[in-house]
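Let me begin by presenting the structure, written as structure tokens, before commenting on it.
The values are calculated or read from the model by the stated rules, or taken from the named source; none is laboratory data. Here the structure is a predicted model, which is why all the values come from computation and not from measurement. Neighbour counts are summed over all protein chains in view; Cβ atoms, including those assigned to glycine, are modelled from backbone coordinates with ideal geometry.
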């Protein structure tokens, strides 16, 4: 009996001490989703969303503008996510979740606002556009000043040595007595060179400078300037230039369409065949006349206030003789809103030629040239008055002046006499004169102001113009 009890006890101990199997650990599932941030353009598009997991997954989404090729699955997969077109003028954003087992990843999405649509053509809008004919407009312009060699500098606003145009400078121009500013611009800063689409930031900068002028209650004349000379008036280039003119002026005209009639547009500048200063051939002036017509048609077609805006066209190379002999006035949808522009730098040796010893001007000057003295100025401006102004077409003397010869004794008195007489005669003949200022105050410069500070540098010349 004792033996049996001992055996049972030993057997029981043997069962209790045997190793027990370890419980199985629960399986851990991972979840990776990429990318985790999406940004869509306003037009909408589709992007791939990669899901990596070992078990079932599903998408939880409350964004009605986002959809998926699949919203659940049994294991990892790459699916397609699509954003619809955003037609709202505001950006939109949100998030959705990918859930697998106990894992959850939140994915952020955003979409650009719809670009504001700009109508290329609007009905005519006469608001703030006074009923002034072009001759009356030239009288309102008074005496003008050119912001030369800044926004027209090929390569950038400071490329030709001038600083960025400041409000302080334009304030100084106003304080000096000028009533209008001609703003030459090189517009060929393209975001799309093949289609001549102008960069938005360049458009913004030009508008900023225009507002400096208009905020001073001055008139602004905005043009397309030399711009590397792409406006060659030949039959070979005619279609190309007219197409480019139309595309560029449509953009400019639409951008400035809501401005009142203190802003004028001028289509071109000194159009000529490069290097050929002779009398233009029929080909040259015929093609150049077509540029004027393209400019007028394009601006008028944008409508709004541009239907009534005063527009400035040019004679061939802005030469008075060529303008009178060959200019064809463009057809227009509205009467008496066109102005003709010419420039005056005669005699060349006195006014522009840096390599000449001619430094005197005037009938009483002992060493002046025999032509282009006072009587010639009077005759040329009288011809413009008879040909255009007396027939209801205002005339702008868009550029004139004479270079400063710092090393020539007594030159200053002749320069002052020349500028004073040209200005006075222009006003007497009802032309609106715009003095050419290139910002250079040193030898052979035209500047009246220090472009950095706005300080007047040649007070006698300035007084000769203003008074």
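Points to keep in mind about this one:
- Any hit, the range 209-225, residues being assigned to a loop (DSSP other than H, G, I, E, B), surrounded by 21 or more Cβ atoms within 10 Å (Cβ to Cβ), in contact (Cβ under 8 Å) with a residue 40 or more places away in the chain and touching a helix residue (DSSP H, G or I) at 6+ places or on another chain (Cβ under 6 Å): no
- Leading residue by the ranking (surrounded by the most Cβ atoms within 10 Å (Cβ to Cβ)) among those in the range 108-142 that are assigned to a loop (DSSP other than H, G, I, E, B) and touching a strand residue (DSSP E or B) at 6+ places or on another chain (Cβ under 6 Å): 125
- Cβ-Cβ under 9 Å pairs, at least 6 apart or on other chains, the range 438-467 side at pLDDT below 95, far side part of a helix (DSSP H, G or I): 467/420
- Every residue from the range 386-418 that is farther than 15 Å from residue 353 by Cβ and touching a strand residue (DSSP E or B) at 6+ places or on another chain (Cβ under 7 Å): 388, 389, 393, 394, 395, 396, 397, 398, 399, 400
- Applying the set (1) modelled with pLDDT of 95 or more; (2) part of a loop (DSSP other than H, G, I, E, B); (3) buried (at least 16 other Cβ atoms within 10 Å of the Cβ) to residue 421 leaves exactly one unmet item: (2).
- Members of the range 77-103 found to be in contact (Cβ under 8 Å) with a residue 40 or more places away in the chain and surrounded by 13 or more Cβ atoms within 10 Å (Cβ to Cβ), listed by number: 81, 83, 84, 85, 86, 98, 99, 100, 101, 103
- Scanning the range 190-202 for residues that are buried (at least 19 other Cβ atoms within 10 Å of the Cβ) and in contact with a helix residue (DSSP H, G or I) (Cβ under 8 Å, 6 or more places away or on another chain) gives a single hit, 198.
- Among the residues of the range 149-188, the ones that are surrounded by 19 or more Cβ atoms within 10 Å (Cβ to Cβ) and under 16 Å from the mean Cα position of the chain (by Cα) come to 13 in all.
- Taking each residue of the range 128-155 that is at positive phi and looking for partners that are part of a helix (DSSP H, G or I) and at pLDDT 95 or above with beta-carbon atoms closer than 8 Å, six or more apart or interchain, yields 128/305.
- Options 301, 336; residue that is over 24 Å from the mean Cα position of the chain (by Cα), closer than 30 Å to residue 258 by Cα and either touching a residue at least 60 places away in the same chain (Cβ under 8 Å) or not assigned by TED's automatic domain parsing to the domain that holds residue 186 (or both): 336
- Residue 372 vs. criteria in a loop (DSSP other than H, G, I, E, B) and over 20 Å from residue 447 (Cα atoms): yes
- Unique match (being crowded, with 21+ Cβ neighbours inside 10 Å, assigned to a strand (DSSP E or B) and touching a strand residue (DSSP E or B) at 6+ places or on another chain (Cβ under 9 Å)) among 296, 313, 271: 313
- Any hit, the range 50-58, residues being in the same structural domain as residue 103 (by TED's automatic domain parsing), modelled with pLDDT under 90 and out of contact with any strand residue (DSSP E or B) (no Cβ under 7 Å at 6 or more places or on another chain): yes
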